[in-house]
Amino acid sequence: MIPFSILDLAPITEGSTAADSFRNSLDLAQHGERWGYNRFWLAEHHGMPGIASAATAVLMSHVANGTSTIRIGAGGIMLPNHSPLVIAEQFGTLASLFPGRIDLGLGRAPGSDHTTARALRRNLASDADEFPQDVVELMDYFAGSSRRQVRAVPGAGLDVPVWILGSSLFGAQLAAALGLPYAFASHFAPQMMMQAIEIYRATFRPSAQLDKPHVMLGFNVFAADTDAEAHLRATSMQQAFVNLRTGNPTKLKPPVEGYLDLLGPAERGMLDSVLSCSAIGSPATVAQQLKAFIERTGADELMITSQIFDHKARLRSYEITADIQRGS
């Protein structure tokens, strides 16, 4: 079985606070480390009532300080929001504090709505189309002998693996051209997944960081002791997507019995599309669905996300998934 990793969206559940979310994130990372997960990644989102990981590097430090072996990463930093030098310094600091454990995934989306993205802009000329140049500049700051007059301190000469994140063909082409590992957001935008994988593998150029393609795919898992319980747990994530796509993002809501039956055809169709890369069910059901997905895609690694309202139930879902990965 290929390695499994954890994507924690640091959910703020209805009735809770960001502080509760941070405690739960650390608890999940500590359990994930014991269960054998490879990485624990957090994502940069802004202005989202149900996601607490806006200051991604700060939260990474909190989680890394409470763990000892699992890799801690950003999945990802939305680079158009930041100066490459600032990110090099932040992740140089993290790599200095936690050597050999830090990953830097980079995306070109703002991680927010247009109004919030404008408030985040690093200057009036910020342009997502400059993403490839920004990635190269950032990687250059990590080089031991940078060609630039400005140095990242800390950062220069440190081994911080850079990943390209994407949900379209653009990221696949960039990751291949730069010889970087590629993480595809199939857990919420699976439409171009197979085409992106094919382009990345076919056009990959080896680099100092990576000698052959490495594809990590996002995958939703809602695992429980029974199929019925798992489908109930999944309704929190389903509500979150419907609310987000209809312009009303909220905190993560409690599960609702029969939620799908309350939706119209358009909403059902949207959920079928965006959550098509998911496994929902008992251990046996999830094992079968995971196996089929890995065989279909040839993924080198899976990034598992389980947006479940109850923290203990979320832990149980990840524990079941880890048991499947170990074959136990």
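The values are calculated or read from the model by the stated rules, or taken from the named source; none is laboratory data. What you see is a predicted model; the values in this text were computed from it and never measured. No Cβ is skipped: glycine too gets one built from the backbone with ideal geometry, and neighbour counts run over all protein chains shown. In case anyone asks, the SASA skips ligands and DNA or RNA and just uses the protein heavy atoms, side chains included. Shrake-Rupley method; radii C 1.70, N 1.55, O 1.52, S 1.80 Å.
Looking only at region 263-276, decide whether some residue is crowded, with 17+ Cβ neighbours inside 10 Å and in contact (Cβ under 8 Å) with a residue 40 or more places away in the chain.
Within region 263-276, one or more residues are crowded, with 17+ Cβ neighbours inside 10 Å and in contact (Cβ under 8 Å) with a residue 40 or more places away in the chain.
Every residue in region 76-106 that is of a type in the set (Gly, Ala, Ser) and at pLDDT 95 or above, please.
Within region 76-106, 88, 92, 95, 96, 100, 105 qualify.
Just to be sure, is residue 226 open to solvent by 10 Å² or more (accessible area, probe 1.4 Å), touching a helix residue (DSSP H, G or I) at 6+ places or on another chain (Cβ under 8 Å) and among the β-branched types (Val, Ile, Thr)?
no
Please tell me if residue 106 is crowded, with 24+ Cβ neighbours inside 10 Å and in contact with a Ser or Thr (Cβ under 6 Å, 6 or more places away or on another chain).
No.
Can you report the number of residues in region 142-174 which are open to solvent by less than 20 Å² (accessible area, probe 1.4 Å) and part of a loop (DSSP other than H, G, I, E, B)?
The number of residues fulfilling the criteria is 3.
Report, ordered by the first and then the second residue, all pairs with beta carbons closer than 7 Å, sequence separation of six or more or different chains, a first member in region 71-96 that is at positive phi, and a second member that is open to solvent by less than 10 Å² (accessible area, probe 1.4 Å) and not basic (Lys, Arg).
Taking only residues 6 or more apart or on different chains, not a single pair turns up.
Could you list, in sequence order, the residues of region 245-262 that are open to solvent by 50 Å² or more (accessible area, probe 1.4 Å), under 19 Å from residue 305 (Cβ atoms) and either without any contact (Cβ under 8 Å) to a residue 40 or more places away in the chain or touching a strand residue (DSSP E or B) at 6+ places or on another chain (Cβ under 7 Å) (or both)?
If the condition is that a residue be open to solvent by 50 Å² or more (accessible area, probe 1.4 Å), under 19 Å from residue 305 (Cβ atoms) and either without any contact (Cβ under 8 Å) to a residue 40 or more places away in the chain or touching a strand residue (DSSP E or B) at 6+ places or on another chain (Cβ under 7 Å) (or both), then 245, 251 are the ones that fit.
Among 42, 28, which is the only one that is among the aliphatic types (A, V, I, L, M), buried (at least 24 other Cβ atoms within 10 Å of the Cβ) and within 16 Å of the chain's Cα centre (by Cα)?
The match here is 42.
So that you can scan it fast, the table gives a plain yes or no per residue for (1) surrounded by 21 or more Cβ atoms within 10 Å (Cβ to Cβ); (2) of a type in the set (A, V, I, L, M); (3) in contact with an Asp or Glu (Cβ under 9 Å, 6 or more places away or on another chain):
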{"position": "55", "(1), (2), (3)": "no, yes, yes"}
{"position": "64", "(1), (2), (3)": "yes, yes, no"}
{"position": "78", "(1), (2), (3)": "yes, yes, yes"}
{"position": "88", "(1), (2), (3)": "yes, yes, yes"}
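Collect the residues in region 141-159 that are farther than 19 Å from residue 206 by Cβ and either under 17 Å from the mean Cα position of the chain (by Cα) or charged (D, E, K, R) (or both), keeping them in residue-number order.
Looking only at region 141-159, we keep the residues that are farther than 19 Å from residue 206 by Cβ, and these are 141, 144-158.
147, 148, 151, listed by residue number.
Report, by residue number, each residue of region 230-244 that is open to solvent by less than 60 Å² (accessible area, probe 1.4 Å), of a type outside the set (A, V, I, L, M, F, W, C) and free of Cβ contacts under 8 Å to residues at least 60 places away in the same chain.
Listed by number, the residues that qualify are 235, 238, 239, 243.
Scan region 1-50 residue by residue and report those that are free of Cβ contacts under 8 Å to residues at least 12 places away in the same chain and β-branched (Val, Ile, Thr).
17
Only residues that are among the hydroxyl-bearing types (Ser, Thr, Tyr) and open to solvent by less than 10 Å² (accessible area, probe 1.4 Å): list them for region 175-216, please.
182, 186, 200 - these are the residues of region 175-216 that are among the hydroxyl-bearing types (Ser, Thr, Tyr) and open to solvent by less than 10 Å² (accessible area, probe 1.4 Å).
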